[in-house]
Amino acid sequence: MLADEAVLATGVFQSEPSATEAAIVGDPRYVANPWNLAALDRLAGSRQLLLIGSSLSMVDVVASMEARGFKGSYRVVSRRGQIVEPRRNTEAWRDFLAGRPLPKTTRALLALVKAERRAIEAAGLDWQGLPLTIRPWILALWQGATDEERLKFARHLRAFWDVTAHRAAPPSFERVALAQSQGRWAGGAGRVLALHPRAGGIVAEIRWRDSGAVERLRFDGVVNCRGHQEHDWRRIADPFVQSLLENGIVRPHATGFGIDATHDGQVISGNGRTHGNLFAIGHPLRGVAWESSSIGEQLAQAMALAGLLVGASPRLRALA
């Protein structure tokens, strides 16, 4: 098939199993994909489940298991022990980024946000108004930063941003809250060191962050709730992605997130030139526009790209 123009809208790729998961990859009690309905069905009669990860995927799994009539308990482990909260209806906080030069470093941005968080607390208001204020500035902040600062954000603040900006839908979180109230849900900060298949279950070795102690615990099933978004195209096994890279049609973004492209979504080839007729949208542009994996930002990108493809005014062409 020949086309005048093409758009890479590949969506999410699942991460390859880690070394920790290698021993149980084929075990029916291990769920690598938390949206695999048949795999979750197999665990419905379990007594104890280990959920690795504490953000939105964890909420989805708990809601799905509760809908299946699961009566057992959940043990949730994540690196920092931060639990996503339900989305609440609140007004956006004052626009503290307007009318001033935007911070260029992760440290400067964090200092501003902390100051506003303290002001919100002093005013007795809901902190969830803060991400509503920051969200419209994300693109400008990201594209105004160097790759070094973007990587600092990804290393040190990404986990905090994820549980702050991406809150849970209230109906789904109600299932988590119910399990918590019944004493069937417990979470903690730790790292899963190993997972071993055993007769009747899976044994997890977990190092707890607060004490440093390593504990061996047995579970009837384990669900990987870490999100399964592999953004580094160099680690994606999909043959189409590999072909694009090998033939120099695309090149990885300098941050390791997605592929390189201009701000209006024109894909940059391996030799550093734009194709002129190849574009990208959504997940491949994570390095170009950080929140490109979110629905609102993808909609704005789609509208801007549609305008570009039909020859709209250049002022509409910047990714939003």
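Worth pointing out:
- The lone exception for Arg80 - which of (1) surrounded by 15 or more Cβ atoms within 10 Å (Cβ to Cβ); (2) within 30 Å of Ala237 (Cβ to Cβ); (3) not acidic (Asp, Glu) it fails: (1)
- The residues listed here are Ser57, Ser18, Ser64; of these, the one that is under 18 Å from the mean Cα position of the chain (by Cα), under 30 Å from Gln298 (Cβ atoms) and in a helix (DSSP H, G or I) is Ser57.
- So Ala204, is it open to solvent by less than 20 Å² (accessible area, probe 1.4 Å) and either more than 27 Å from Val222 (Cβ to Cβ) or outside any strand (DSSP E or B) (or both): no
- Flag if Ala186 is loosely packed, with under 14 Cβ neighbours inside 10 Å, under 26 Å from Glu66 (Cα atoms) and touching a residue at least 40 places away in the same chain (Cβ under 8 Å): yes
- Any pair with Cβ under 9 angstrom, 6 or more apart, that starts in the range 232-250 at a residue that is within 13 Å of Gln14 (Cβ to Cβ) and ends at one that is assigned to a helix (DSSP H, G or I) and open to solvent by 70 Å² or more (accessible area, probe 1.4 Å): Ile236/Gln242
- Scope the range 22-49; condition closer than 15 Å to Gln180 by Cα and open to solvent by less than 10 Å² (accessible area, probe 1.4 Å); matching residues: Leu49
- Test result for His263, open to solvent by 30 Å² or more (accessible area, probe 1.4 Å), out of contact with any Asp or Glu (no Cβ under 9 Å at 6 or more places or on another chain) and at pLDDT below 95: yes
- Residues within the range 139-166 that are in a loop (DSSP other than H, G, I, E, B) and either surrounded by 19 or more Cβ atoms within 10 Å (Cβ to Cβ) or aromatic (Phe, Trp, Tyr) (or both), tallied: 1
- Selection within the range 88-143 - within 28 Å of Gln301 (Cβ to Cβ) and among the basic types (Lys, Arg): Arg88, Arg94, Arg100, Lys104, Arg135
- Residue count, the range 83-128 (criterion: in contact with a strand residue (DSSP E or B) (Cβ under 8 Å, 6 or more places away or on another chain) and not in a strand (DSSP E or B)): 4
The values are calculated or read from the model by the stated rules, or taken from the named source; none is laboratory data. Keep in mind it's a predicted model, so treat the numbers as computed, not measured. We place every Cβ from the backbone using ideal geometry, glycine too, and count neighbours over all the protein chains shown. Heads up: the accessible areas ignore ligands, DNA and RNA and are worked out on the full protein's heavy atoms, side chains in. Shrake-Rupley method; radii C 1.70, N 1.55, O 1.52, S 1.80 Å.
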